[in-house]
Amino acid sequence: MAKEWAKKFYKSKAWQECRASYIVTVNGLCERCLALNEYRNGYIVHHKIVLTPDNIGDPYVALNHEHLEYCCLDCHNEEHEVAASVAACRVGFKFNSAGQMIKVDS
């Protein structure tokens with residue numbers, strides 16, 4: 001789900017046209033799966049550069065095909081789970097041997 005500050009952008013005509021044209025360029029297939037010789041339909045156009053309130057208005061970042069990737073739902077979710085894990089670990093947490101996130105003792 002889009003963050004509140006991003007909802008207007010994702011509903012914009014500029015984004016809808018950019019998204020649609022990008023999907024055509026990759027033949028509607030998940031780019032990550034295709035790199036593994038697997039053919040799965042894409043689901044989400046992913047921004048390789050994380051959009052923020054500061055850069056969402058910059059067309060070079062938000063509407064540039066070079067900074068987009070079409071992913072199936074599994075690949076997109078994996079991307080965000082990994083990113084969330086890395087971010088959590090950077091702020092004093094880690095995963096234990098059971099896969100549970102725990103606070104790192106200073």
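The values are calculated or read from the model by the stated rules, or taken from the named source; none is laboratory data. These numbers come from a predicted model, not from an experiment. Ideal geometry is used to build each Cβ from the backbone, glycine not excepted, and the neighbour counts take in all protein chains shown.
Among the residues making up the stretch 5-24, those that are surrounded by 11 or more Cβ atoms within 10 Å (Cβ to Cβ) and closer than 20 Å to THR52 by Cα are TRP5, ALA6, LYS7, LYS8, PHE9, TYR10, SER12, ALA14, TRP15, GLN16, CYS18, ARG19. Looking across VAL50, VAL104, VAL86, one residue alone is modelled with pLDDT under 70 and of a type in the set (A, V, I, L, M). It is VAL86. Count of the stretch 60-80 residues, restricted to those that are in contact (Cβ under 8 Å) with a residue 12 or more places away in the chain and not in a helix (DSSP H, G or I), is 6. Name every residue in the stretch 1-57 that is among the polar types (S, T, N, Q) and part of a loop (DSSP other than H, G, I, E, B), in order of residue number. Across the stretch 1-57, the qualifying residues are SER12, ASN27, ASN37, THR52, ASN55.
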